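S.K.: The structure follows.
The values are calculated or read from the model by the stated rules, or taken from the named source; none is laboratory data. Keep in mind that this is a model prediction, so the values were computed, not measured. With ideal geometry, Cβ positions are generated from the backbone for all residues, glycine too; neighbour counts draw on all protein chains shown.
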């Protein structure tokens, strides 16, 4: 197990290194000129040249990358071109909002997905099951920005139950979390249903029934915990979905998280911020996958580590 | 010539390819899959016949399409689905938008599945150093937040319709590659492949006659399911303003153009949203049914 952990950690670091090289290269060949953004449109060639020199943008690719990565090793993500603030400070100030949103989304997907999945499994083949599965597919096929705008229209504008946008209290959190979590809820409902159906056909369930355990007891105490095992391992993988989702959801709801930070930085060609957010997201995704792989054998001893 | 009966577990007895016609019949017995196919056929027809059925041109700004104050019109008898901020007929734009979505969906996913299948088969069949490099690269791609990567790529190349399709393909091939890699790998470890090797079959023969036919169902399934992902990604990119550029109508950029007015003119977001949902859902329903029909053992999250 320890050797496996060590190997996975080394792999993860290599993957992150690769992500940093590719992102840096993509941003390096970006046709938009950051110097132009900083100095303004009316800047003359001499000003542009001095800005480039100041930022080291006139250096060849490998020198620029080397400087970036050596600073990164010391935990320095560089400075925003336009806001003149440390990127790490900017990300740290936005991260709590995004984390809040993700926790809310995880709660939504687990609560809705798991309960509806169990319900569908228990009603297998009946109308309830069919409708729930169609619903889950509908949710999976709905673009998040449309879901967000519609939720906003119905529950904030028409019904006035929630604020139209903004950040701070619990009621601000409800609609954005729901929007971010619904996609995952659709997946979880489908997975939970099939996992539950697998378990319900096992011998130990028949044994439990045979010895006279009530149906509710069988479902709650014998089937559910076992059906949950393969699902729990998936939560780590959701982080990838979230990292894409927050860009859209935060923009629809005006949520001040790292998704908005990244989106604004992309529009202003603020390369250090784009780099920083991409790396932070990649770290989160890699950690999530690592966690998923590590948890799986712990909760289910039948899964062997390779 | 001696007669050797085929055993039931001989791959030739029921190769996945020979199951395909039967699969079609099984598909037609599933109401949801049939509904999905009808929606796809309908939208394809609408896209193909766009100039014939659209009441107005997609970029035509109509004087009577705005109120005296210059506000868009809600659905009425002249403009069945209302008009947008520039006084253009929403229905006509939706009809032309179907072209954009279908073309990008099919082209982008076609490229993604081709890249994914190629990488997966090469890595899974030939193994060795090449396989390690390719699969490490897909691991790396998996660690990118997909949407951020697409946004950076789209910003990199000034997007035209084809560039958007290419960007989406460059983001979406990874999952296909992993699925097909796993499948190819497990196939090469099966006994009938070892038997083929033992009787002296060459690599090309094994690949073409024994590996590829087993991979085809997976490719068909992903070729269908993936279109839904592609359509959604195109819509999302267009929604953040870096996908298909206006005035070319795409369902995503129509919402992008009109989103700030959704409180006073909700139909401008609602109808394009329903179109995106319908197309993505249709491909998901058909793809899922295909998956169950072609490979009953596969389960879960793709």
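S.K.: Give me a count of the residues in region B:35-72 that are touching a helix residue (DSSP H, G or I) at 6+ places or on another chain (Cβ under 6 Å) and within 14 Å of chain A (Cβ to nearest Cβ).
M.R.: 4
S.K.: Also, quick follow-up: Residue check, residue B:158 against (1) within 14 Å of chain A (Cβ to nearest Cβ); (2) assigned to a helix (DSSP H, G or I); (3) at pLDDT below 85, all met but one. Which one?
M.R.: The single condition residue B:158 does not satisfy is (2).
S.K.: Let me ask something else about it. Select from region A:250-306 the residues that are part of a loop (DSSP other than H, G, I, E, B) and within 24 Å of residue A:234 (Cβ to Cβ) and write down the one among them that is modelled with the highest pLDDT.
M.R.: Of everything passing the filter in region A:250-306, A:257 is modelled with the highest pLDDT.
S.K.: For region A:234-244, what are the residues that are within 12 Å of chain B (Cβ to nearest Cβ) and part of a helix (DSSP H, G or I)?
M.R.: A:237, A:238, A:239, A:240, A:241, A:242, A:243, A:244, listed by residue number.
S.K.: Can I ask one more? Among what's in region B:239-257 and is facing chain A (nearest Cβ under 10 Å) and touching a helix residue (DSSP H, G or I) at 6+ places or on another chain (Cβ under 6 Å), pick the residue that is farthest from residue B:92 (Cα to Cα).
M.R.: Among residues in region B:239-257 that are facing chain A (nearest Cβ under 10 Å) and touching a helix residue (DSSP H, G or I) at 6+ places or on another chain (Cβ under 6 Å), the one farthest from residue B:92 (Cα to Cα) is B:242.
S.K.: Sort out which residues of region A:202-233 are surrounded by fewer than 18 Cβ atoms within 10 Å (Cβ to Cβ) and part of a loop (DSSP other than H, G, I, E, B), and write them in order of number.
M.R.: Listed by number, the residues that qualify are A:202, A:211, A:212, A:213, A:214.
S.K.: Please find, among A:39, A:43, A:35, the residue that is away from chain B (no Cβ under 14 Å), over 30 Å from residue A:256 (Cβ atoms) and at pLDDT below 80.
M.R.: Going through A:39, A:43, A:35 in turn, the sole match is A:43.
S.K.: Turning to a different aspect of this structure: Just checking, which of B:164, B:119, B:152, B:171 is in a helix (DSSP H, G or I), without any contact (Cβ under 8 Å) to a residue 12 or more places away in the chain and buried (at least 18 other Cβ atoms within 10 Å of the Cβ)?
M.R.: The conditions single out B:152.
S.K.: Of all the residues that make up region B:122-145, how many are without any contact (Cβ under 8 Å) to a residue 40 or more places away in the chain, in a helix (DSSP H, G or I) and within 11 Å of chain A (Cβ to nearest Cβ)?
M.R.: Going through region B:122-145 one residue at a time, the tally reaches 6.
S.K.: Another one. Looking at (1) under 14 Å from residue B:258 (Cβ atoms); (2) at pLDDT 80 or above; (3) assigned to a loop (DSSP other than H, G, I, E, B), which is the one condition that is false for residue B:87?
M.R.: (2)
S.K.: So, one more: Take the conditions farther than 30 Å from residue B:29 by Cα, modelled with pLDDT under 85 and more than 13 Å from every other protein chain (Cβ to nearest Cβ) and apply them to residue B:201. Does it pass?
M.R.: yes
S.K.: The conditions are (1) more than 18 Å from residue A:120 (Cα to Cα); (2) within 12 Å of another protein chain (Cβ to nearest Cβ), and residue A:174 fails exactly one of them. Which is it?
M.R.: (2)
S.K.: Sticking with this one: Quick check on this structure: which one of A:182, A:134 is in contact with a helix residue (DSSP H, G or I) (Cβ under 6 Å, 6 or more places away or on another chain), assigned to a helix (DSSP H, G or I) and either under 26 Å from residue B:252 (Cβ atoms) or more than 14 Å from every other protein chain (Cβ to nearest Cβ) (or both)?
M.R.: Exactly one residue qualifies, and that residue is A:182.
S.K.: Out of B:274, B:286, which single residue is more than 18 Å from residue A:155 (Cα to Cα), at pLDDT 90 or above, out of contact with any helix residue (DSSP H, G or I) (no Cβ under 6 Å at 6 or more places or on another chain) and more than 8 Å from chain A (Cβ to nearest Cβ)?
M.R.: Of the residues listed, the single one that is more than 18 Å from residue A:155 (Cα to Cα), at pLDDT 90 or above, out of contact with any helix residue (DSSP H, G or I) (no Cβ under 6 Å at 6 or more places or on another chain) and more than 8 Å from chain A (Cβ to nearest Cβ) is B:274.
S.K.: Being out of contact with any strand residue (DSSP E or B) (no Cβ under 9 Å at 6 or more places or on another chain) and not in a helix (DSSP H, G or I), is that true of even one residue in region B:264-284?
M.R.: yes
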